[in-house]
Each structure stands twice: as structure tokens, then as C-alpha cells.
Amino acid sequence: MAQEHSEFGGYSDEDLQRILQRPALLDGDNQMITGSSWTELEMTLKRAVRAELHNKEEGQYNRMDPSDEEDEEVEDRTYDTIPICKTSLNWVLPGPMDPIISTFRDLVLRDLTPIESSWSFLPDNYFSFLAFTYAIEEINNSSELLPNLTLGFLLHESYSNPTLTLQAIMKIFSGMETWIPNYSCKISGMMAAIIEGLPGEESIQMSNMFRIYHYPQISFISQSLLMSDTVKFPYFYRAVPSELHLCAGIIKLLKYFGWSWVGILACYEDKSLRAVQILKEGIEQNGGCLEFIEVISRDNVTPTDISKLYQRINASSSNVTILYCSRDYVLNLFEKVDYFILTKKVWITTYEQDFTLSYELDIKVRNNTLAFTVAKKNIPSFSKFVREVNYILFPLDYFSLLWWNNLCDSHCQKNIRRSCVINEATFFGTHCNTKYLGSSYSVYNAVYALAHALHDMVRSGFQNNSMGSRERNFLDYLPWKLHHYLKSVHFKNGLGEEIFFDENGSLTIGYNIINIVYLPNRTCKNDVVGNYNPNAPSGQDFMIDDDAIVWDSDFTETPPQSRCSSSCHPGYRKLPREGEPTCCYDCIPCAEGEISNQTDEDTCWKCPEDQWPNQKRDSCIPKVITFLSYEEPLGIALTSITTFFNLLTVFILGIFIYYKDTPIVKANNRNLSYILFISLMLCFLCSLIFMGHPNKVTCILRQTAFGITFTISLSSILSKTITVVMAFYATKPGSKLRKWMGSRVSLSIVLSCSLLQIILCLSWLFTAPPFPYFNMDLETGKILIECNDGSAIAFYCVLGYLGFLAGVSFIVAFLARNLPDSFNEAKYITFSMLVFCSVWISFIPAYLSSKGKYMVAVEIFAILTSSAGLLGCIFFPKCYIILLRPDKNNRNYLKQETESKHRLNLNRKSSILNGLVKIQALLGHWPQQHNAILVPPVA
């Protein structure tokens with residue numbers, strides 16, 4: 001032991017008497033015996049030990065002689081300080097060159113204070129001790145693992161006290177109970193490594209000592225984050241994962257259930273404070289927030305302080321609290337008040353629990369706990385080993401006998417219950433009522449990992465050496481060369497699991513998530529509902545079955561929710577509240593054109609260009625493709641108007657062809673009229689190209705066909721106007737214009753004016769031709785297929801040239817509107833050009849202010865209106881005469897009409913002249929004799 005006060009396990013008589021409460025012991029025949037005085041108990045215990053030893057076969061190793069009463073005090077030494085091993089049921093000393101494993105475990109917890117010394121019994125730790133011996137027994141009995149070598153071990157008690165731990169370490173180095181620094185008394189075997197189960201702080205202190213001598217240190221308890229540093233602790237290994245993985249597992253659990261608003265209750269100890277900082281950073285990085293962090297100290301904590309702490313937690317709005325404390329802290333701080341009784345609160349615990357299988361009905365319990373614990377499993381045949389273990393294996397002290405005696409209780413699990421006669425008044429031990437047998441799984445893996453490393457080292461280093469040099473070489477390899485093999489050890493344990501150390505010296509096992517459920521029949525269900533293994537492939541590292549979790553009936557919804565703000569549904573995004581944590585926010589709808597398809601989105605994102613949000617703004621749908629189609633009402637109306645005017649033009653053309661020999665048709669340049677009719681028909685028809693699904697061909701034809709056909713129409717009208725003027729002046733005697741009269745001149749004017757527009761359009765097509773364009777931004781939720789003009793300058797040049805021809809025609813027609821001619825078209829052309837210019841001048845602002853298909857409709861309307869204006873203003877009066885006043889459509893009427901108009905013009909002129917003469921005479925400026933020259937009116 002690390003400290004010896006008497007013969008039994010290092011406990012003084014006064015200390016044991018303080019904790020004894022009329023113990024019950026078994027004698028050699030498994031019969032109950034009792035004792036009230038310590039002397040009687042001491043002698044009874046000695047007789048029980050001798051009886052066990054006397055029953056062994058002769059020739060086996062015995063440390064006590066029943067007949068030697070004089071040496072009784074000398075021989076009654078503790079058994080856990082001598083390196084012994086067990087082969088089958090035979091206890092033998094290891095050979096002088098066999099490896100020995102030293103182990104530390106708290107079987108009794110001693111808290112030394114300046115006032116008094118207190119003791120606590122840790123029954124579950126006996127399972128770790130038995131797992132250690134069980135693993136060594138299996139290894140020593142194995143013909144494949146470490147053949148020809150026998151493992152021995154030393155058991156040391158630290159009492160969870162740094163001073164006593166240091167003394168035990170020095171005893172290991174000295175090899176004696178009386179330890180001497182830098183002195184080693186090798187009584188048997190060579191120490192290979194230390195396997196310990198101490199808390200993190202003590203494990204660190206131990207490592208600082210052992211690394212001086214390069215001894216491997218394997219912990220089956222410590223998960224300290226600090227000891228993951230392989231530079232500071234190069235010889236430290238552990239059979240449990242690091243607390244860094246524990247924090248990652250908690251964060252994944254919070255993220256899985258959407259618990260973004262949590263609190264942390266931590267103890268004032270280094271490992272807990274470091275873990276809290278890691279948890280805080282991880283939770284915030286994953287979008288969560290902490291409502292509170294309460295750190296409690298073990299010292300000077302009163303029940304009032306605990307009560308205030310519970311009130312603080314109960315009043316918090318978060319429904320999830322992480323309890324991050326070591327087991328000792330929890331036992332000391334919450335032994336009088338059960339923290340699980342808080343309603344509507346989920347507790348996530350991290351300390352190692354016993355997971356009892358039953359509870360007392362008078363205890364207030366809640367089904368609100370998810371416990372993270374190192375992955376534990378029951379070792380095959382270990383329960384049988386516990387059930388059949390001989391008491392001689394235990395340290396000789398009262399607690400060991402009490403623990404062994406309690407295995408007889410009827411409440412014990414069947415797999416570890418001993419068959420014996422027992423008094424009903426026997427105290428029931430908690431170790432009989434647990435799901436897992438302490439830390440036996442981790443201890444078992446630690447021993448086997450070390451054994452496999454030793455085996456690999458022996459096999460690789462000595463396979464070519466003779467047996468005579470084996471022992472000498474083995475000494476050379478221990479302990480410093482063992483690290484290489486520990487780092488690379490890889491094997492399958494008794495459960496068929498792959499066991500190896502990661503880069504930080506931790507075994508690649510994970511954590512189980514256990515749901516503690518209290519049933520009405522006093523039983524507890526401690527089902528594994530999930531696990532976290534950081535070494536598993538991505539996507540398989542965290543597994544949880546939320547359907548298997550049993551939640552308390554106080555929760556209004558399952559699984560419970562813990563959020564500062566309600567979730568933002570798809571179609572909304574979070575708007576952080578000013579001055580509050582990021583988890584506290586308001587939900588606002590996504591902006592137009594944006595969606596969010598998941599809950600609690602921080603931002604909304606825009607749909608692709610060809611898609612648009614649906615009404616709920618939680619998904620994108622294809623945009624509606626729009627264009628001016630023939631099937632929609634506007635398209636049908638424009639198509640009908642186009643067809644009507646086109647048929648009307650054909651009808652009027654037919655009239656002119658039918659009456660082509662009449663004076664009115666001949667007098668208005670019949671050939672130019674035919675050209676004008678055909679160009680107007682093309683103008684009406686080209687409006688149909690503007691409708692329908694735009695494509696490359698229609699986009700090219702739209703503006704060019706419109707520009708060329710209108711140019712031909714305006715050129716024909718200009719030619720008509722010029723022909724009227726030339727015809728009037730050519731009738732004067734000696735006029736040189738007579739030779740220019742004829743159809744060639746008229747056609748030349750049409751061709752020359754049209755050719756210039758054709759050249760302009762071809763230049764447009766070769767430089768920047770129009771093309772189909774998908775306009776996705778013009779209208780909300782729609783894709784407008786339109787024709788991009790390619791070059792706006794070219795488009796307006798074409799339109800400007802049409803305006804130029806219309807302006808010239810208007811001016812010439814206006815000047816020639818009063819020329820004497822029975823069928824003078826000048827005034828009709830003037831009016832038609834006035835309509836044409838008015839339409840296209842008003843077209844420009846209307847076109848620029850329109851969008852989408854309505855822009856196309858405006859252009860179509862301008863084409864139809866201007867074309868109809870030309871047709872109506874120029875040809876309707878002629879059709880009226882042809883069809884309704886045929887009497888005016890003859891040569892005599894034309895002659896009389898011409899003479900009548902001529903006389904009317906002369907009379908108008910003479911009247912004007914006579915009026916001027918009279919005005920001058922009244923003013924006295926005209927001689928009286930000049931009155932004779934007044935122009936008489938024409939009869």
C-alpha cells in the first residue's frame with residue numbers, strides 16, 4: 001500500500017472503528033460470524049485468511065504458516081505490495097527478468113484535512129482491480145501472447161491524496177516499503193509500465209515523475225485535455241478518449257436536437273474550466289448561445305448557495321443544462337439535493353456514473369437526463385470471474401471483505417451473485433446493482449494493449465537470440481524502447497473490437513449516450529440511445545436513436561426544445577436583436593426574389609436567373625416565359641386588325657384594278673398606286689412578324705422588313721406628290737419639265753429612296769444584327785423573350801430616315817395642295833402625312849415607357865395606325881367617287897371641274913386685287929383715274 005498504519009491495508013484501529021457498524025464476516029466455512037470489538041474482528045479476519053490459505057494444495061506458495069503463532073505479526077503483511085501473479089489458481093512469484101506492471105487505484109478515498117481524517121468507500125473500483133487481475137490471468141494462461149514470460153503486478157493505494165501518491169511512486173522506484181530516493185532494491189522482475197486510474201490532476205503529477213525514467217503510463221480514467229499534449233507528456237497513454245472528443249460529442253448532440261440556447265454548470269477545477277471554454281467556442285461556432293455559465297467551488301458551499309443555484313437554473317429560459325463536473329465534485333456538492341428534480345429541464349451530464357438498475361421509490365426522479373460516458377461493455381467471462389473469485393486475491397482490509405460479502409445479497413445481479421448463506425441484515429452494496437462493472441472494460445483494454453506491445457517488442461527484438469541472452473536483452477529493452485511498440489500496437493480484444501492508440505496516445509473508442517429512465521416498478525433503464533466515435537468515418541461518427549429516448553411527461557413537446565427565439569420557418573430569415581446574443585432574433589420574410597428553404601436561415605438567397613420564388617418563398621419555381629403570342633387576347637386583337645386592314649387593302653386594290661381605265665385612276669398615276677397598295681399590304685403583314693415566339697430569323701426580319709416596306713410606301717407617296725407638282729408646271733408653254741413627265745421618273749424616285757434604306761438595313765445586319773434575348777429582370781417572376789435590336793443607333797437611323805421621307809412628302813404636298821387639278825392628291829397626301837407623323841412622334845415616348853410585350857404591341861399599333869392612315873387618307877376619297885359618285889368619274893366632268901376651279905382661282909385673285917385698290921383709294925393714295933383698271937370678275 002501507499003501508506004501503512006497497521007496490518008490491514010494501512011488503516012489505523014481508530015480509523016476503522018470510526019467507520020465500522022457491527023460488520024458481518026464469513027469464516028472459512030462460509031458461516032456468518034460477528035464481532036463488536038476490534039480485537040475480536042482482527043483475530044476473526046486472520047483466521048478467515050488462514051482458512052483460505054490452508055485449503056490450497058500442498059506445494060503452492062504460502063506466506064502464512066498456521067502453526068507459527070510467534071511470527072503471526074510478521075507474516076500478516078498486506079498482499080498487494082508484493083509482486084505476485086496468478087497462473088490458473090496458483091500464486092507464484094514472477095521470475096527475476098519477468099515484466100511487472102504497477103497499478104494505482106482508489107479503493108478507499110481518504111480526505112486529509114487539518115482537523116480530521118475522513119474516509120469513503122468506493123466499491124465500484126474493486127471491479128477495476130478484478131479486471132486487472134483477470135486480464136493478467138488470461139495473458140499468463142495464453143500460449144500465444146507473451147509465451148515463456150509471466151506478468152506480475154503491484155497494486156498501490158493513493159487515497160486520492162497527492163502526498164500519499166508521491167510516497168507510493170517512490171516505493172515503486174525503491175522496491176521497498178521504506179522508500180529511498182535514487183535507490184532501487186530489485187526483489188523480483190523488471191517494472192514495464194504503470195497502469196493507473198487516478199483523477200487528472202494526480203495523473204499529471206505522476207506523469208511528471210515517471211517520465212524522468214521513461215516509464216510508460218497508461219490511464220484508464222483520466223480524460224484530461226492537458227495530457228493530450230504529446231510534447232509535455234510523451235510517455236502518457238490512456239484507454240479512454242480525450243475530453244476534447246467529449247466536447248465535440250456534446251456539441252453534435254445539441255446540434256442534432258436544435259438546442260441552441262443552453263446553460264453550463266461547471267465545477268471549479270482545471271479540466272472543467274478548460275472544457276467549458278471549448279464548449280463555449282464550439283457552441284457559438286455552430287450557431288448556439290449560452291444563457292449562463294455557473295462555476296461552483298467545492299469549498300465553503302452551503303445548502304443556501306446550492307438552493308440559489310437551482311433557482312437560477314429553474315428561472316432560466318433555456319431548457320438544457322450541461323453539468324460538467326468530475327464524479328467527486330458531484331457526489332460532494334449534490335449529495336443532499338437532487339439536481340434532476342427540476343421540471344422541464346434536460347440535463348446533459350459528463351461525469352462517470354454507476355448506472356444503477358433500481359432506485360428507492362421515495363426519491364424524486366425525472367426522466368430528463370442524457371449521460372455521456374466512455375463506451376463501456378461487459379467483458380466475456382468476467383462476471384463469472386467476479387462470482388467465483390477467491391477472497392485471498394483482495395487486499396486484507398475490512399472494506400474488501402465487506403465488498404466480497406455483499407456479492408451474496410439476493411439483490412445482486414445473477415451474473416455476479418455468489419452462492420452462499422447470508423444474513424438478511426447484511427448491508428446491500430451499490431456495486432451489486434450497476435449495469436456495468438466499474439471501469440473493467442477500460443482496464444481490460446489497457447492491460448491487453450500493454451501486453452501486446454510487450455509481445456511485439458519481445459518478438460521483434462529477441463527472435464534471433466539464444467535463450468541464454470533473452471533475459472539480458474529484455475532488460476535492455478525496458479522501459480524506454482517500449483514506447484515505440486505502444487504507439488503502433490494494434491489488436492482485437494476479447495469482444496472482437498479493433499484496439500489501437502491515436503496520435504495523442506488515446507485508445508480509439510468513443511462515448512455512449514445513455515438515457516436514464518426511472519420506471520414505476522423501482523427499476524432503472526439505462527439504455528444506450530446514441531454514441532459518438534471521432535475515429536469513425538465521416539457521417540457515421542455520431543449516431544442517435546431519438547425514438548428510443550424516453551422524455552419526462554412534464555415536457556409539452558418531444559423532443560424538448562431549447563431556443564431563445566422560435567424557429568424561423570422556410571421563407572423567413574433571422575434578424576438579430578440589437579444588444580442580445582445571436583440566438584435571440586426576430587423572423588422576417590425573405591426579400592422579393594429570394595428564398596430560404598430551411599429553418600433558421602441567417603440569410604435568404606436568390607433563385608437562379610431562370611427561376612423565381614413561389615408564394616411562400618421557400619422554393620424556386622421556373623419563371624413564366626412570356627412574349628406577345630397569337631393566342632392571348634391582345635395578340636388576337638392585333639392579328640384581327642391586321643387581317644382586316646390587309647383585306648381592305650386588297651379590296652381597294654381590286655377596285656383600282658377593276659376601274660383602271662377610268663379617268664380618276666389614270667389621273668393619279670396608276671402604277672405608283674399599285675406600288676403603294678402592295679407596300680401597304682406588306683406593312684400590315686410585317687406587324688405579324690412582331691408577334692409569336694421570337695427567334696433569330698424573326699428578330700432579323702422585324703425591323704428590316706418594317707423599315708424597307710414603309711420606305712417604299714413613303715417613297716411612292718413622295719413620288720406621287722412630285723409628279724403632281726411637275727404635271728402642273730409642265731402644262732405651261734415652253735416648260736422644260738414636260739420631258740421629265742412619265743413613269744420612269746416616278747419609279748426612279750421610289751427606287752432611289754428605297755435603295756438608301758436597304759443599304760442602311762444591310763449595314764445594320766452585318767454590324768450588329770438583332771437577336772433573341774431572354775430578359776429575366778424586366779418583370780417579376782417572368783422571363784420575357786424579346787428581340788434585342790443589337791444597335792439602338794441603327795434602329796433610330798432607320799426610323800429617322802422614315803421620318804425624313806415623311807417630312808419631305810408633307811412639305812411638298814402642303815405646297816401643292818391648291819394646284820388646279822380635278823383629282824389633285826396633294827391635299828390628301830398632306831393630311832395622310834400629318835397623320836403619319838403624329839403617330840410616329842407619339843410612338844417614341846410610348847415605346848420607351850412600355851415594357852415587355854407591351855412595347856412590341858405599341859410598335860405594332862404604330863405600324864397599323866400609320867398604314868391605315870395612309871390607306872384611308874389617300875384612297876378612301878377616290879373609292880367614294882368610283883363607287884358612289886360615278887358621274888364625277890368621266891372626262892367632261894373632269895374638264896368642267898378643272899375650268900371651274902381655274903375660274904374660281906382667278907376670281908379669288910381679282911377679288912383680292914380689287915380689294916387692295918379700294919383700300920388704297922380710300923386712303924388717298926390711288927389716283928381716281930386709275931379706277932378704270934379694276935379687274936372685272938370672270939364670267
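Limited to segment 218-265, what total is found for residues that are of a type outside the set (D, E, K, R) and in a loop (DSSP other than H, G, I, E, B)? Full working, then the answer.
Within segment 218-265, the subset of a type outside the set (D, E, K, R) is 218-228, 230-231, 233-237, 239-242, 244-251, 253-254, 256-265.
When the remaining residues are screened for being in a loop (DSSP other than H, G, I, E, B), the result is 220-225, 230-231, 233-235, 239-242, 258-260.
Matching residues across segment 218-265 total 18.
I'm trying to understand the selection: among the residues of segment 250-262, which are of a type outside the set (Val, Ile, Thr) and surrounded by fewer than 24 Cβ atoms within 10 Å (Cβ to Cβ)? Talk me through it step by step, then tell me what you get.
To start, the set of residues in segment 250-262 that are of a type outside the set (Val, Ile, Thr) comprises 252-261.
Across segment 250-262, the qualifying residues are Lys252, Leu253, Leu254, Lys255, Tyr256, Phe257, Gly258, Trp259.
For the list (1) out of contact with any Pro (no Cβ under 9 Å at 6 or more places or on another chain); (2) outside any helix (DSSP H, G or I), I need the number of the one condition that Thr599 fails.
Unmet condition: (1).
I'd like to know if segment 185-193 contains one or more residues that are more than 30 Å from Cys432 (Cβ to Cβ) and at pLDDT 85 or above.
Filtering segment 185-193 for residues more than 30 Å from Cys432 (Cβ to Cβ) gives 185-193.
When the remaining residues are screened for being at pLDDT 85 or above, the result is 193.
Among the residues of segment 185-193, at least one is more than 30 Å from Cys432 (Cβ to Cβ) and at pLDDT 85 or above, which makes the answer yes.
Can you tell me which residues in segment 206-265 are small (Gly, Ala, Ser) and under 27 Å from the mean Cα position of the chain (by Cα)? Lay out the reasoning, then the answer.
So in segment 206-265, the residues small (Gly, Ala, Ser) come out as 207, 219, 222, 224, 228, 239, 242, 248-249, 258, 260, 263.
Of everything in segment 206-265, those that are small (Gly, Ala, Ser) and under 27 Å from the mean Cα position of the chain (by Cα) turn out to be Ser242, Ala248, Gly249, Gly258, Ser260, Gly263.
When the residues of segment 504-531 are filtered to those that are closer than 23 Å to Lys345 by Cα and either among the small types (Gly, Ala, Ser) or touching a helix residue (DSSP H, G or I) at 6+ places or on another chain (Cβ under 8 Å) (or both), which remaining residue is surrounded by the most Cβ atoms within 10 Å (Cβ to Cβ)?
We begin by selecting, within segment 504-531, every residue closer than 23 Å to Lys345 by Cα; these are 511-520, 522-531.
From the residues that got through so far, the ones that are either among the small types (Gly, Ala, Ser) or touching a helix residue (DSSP H, G or I) at 6+ places or on another chain (Cβ under 8 Å) (or both) too are 511, 513, 515, 527, 529-530.
Values: Tyr511: 27, Ile513: 25, Asn515: 22, Asp527: 16, Val529: 19, Gly530: 22.
For segment 504-531, the residue satisfying everything is Tyr511.
Looking at Tyr674, Tyr659, which is the one that is surrounded by fewer than 17 Cβ atoms within 10 Å (Cβ to Cβ) and of a type in the set (Phe, Trp, Tyr)? Explain how you work it out, then say what you get.
Details: Tyr659 fails: surrounded by fewer than 17 Cβ atoms within 10 Å (Cβ to Cβ).
Of Tyr674, Tyr659, the one residue that is surrounded by fewer than 17 Cβ atoms within 10 Å (Cβ to Cβ) and of a type in the set (Phe, Trp, Tyr) is Tyr674.
Name the residues in segment 236-283 that are touching a Leu at 6+ places or on another chain (Cβ under 9 Å), modelled with pLDDT of 90 or more and of a type in the set (D, E, K, R), would you?
Correct list: Arg238, Lys280.
Can you tell me which condition Asp354 does not meet? The list is (1) touching a strand residue (DSSP E or B) at 6+ places or on another chain (Cβ under 6 Å); (2) among the charged types (D, E, K, R); (3) at pLDDT 85 or above, and all the others hold.
(3)
Among the residues of segment 271-309, write down those that are in contact (Cβ under 8 Å) with a residue 24 or more places away in the chain, in a helix (DSSP H, G or I) and exposed (fewer than 14 other Cβ atoms within 10 Å of the Cβ).
Pro303, Ser307
With the requirement that a residue be at pLDDT 85 or above, touching a strand residue (DSSP E or B) at 6+ places or on another chain (Cβ under 7 Å) and small (Gly, Ala, Ser), what does segment 773-791 give you?
Once the filter is applied, which keeps residues that are at pLDDT 85 or above, touching a strand residue (DSSP E or B) at 6+ places or on another chain (Cβ under 7 Å) and small (Gly, Ala, Ser), segment 773-791 yields only Gly790.
The values are calculated or read from the model by the stated rules, or taken from the named source; none is laboratory data. Remember, it's a predicted structure, so these values are computed and weren't measured experimentally. Here Cβ is always computed from backbone atoms with ideal geometry, including for glycine, and neighbour counts include all displayed protein chains.
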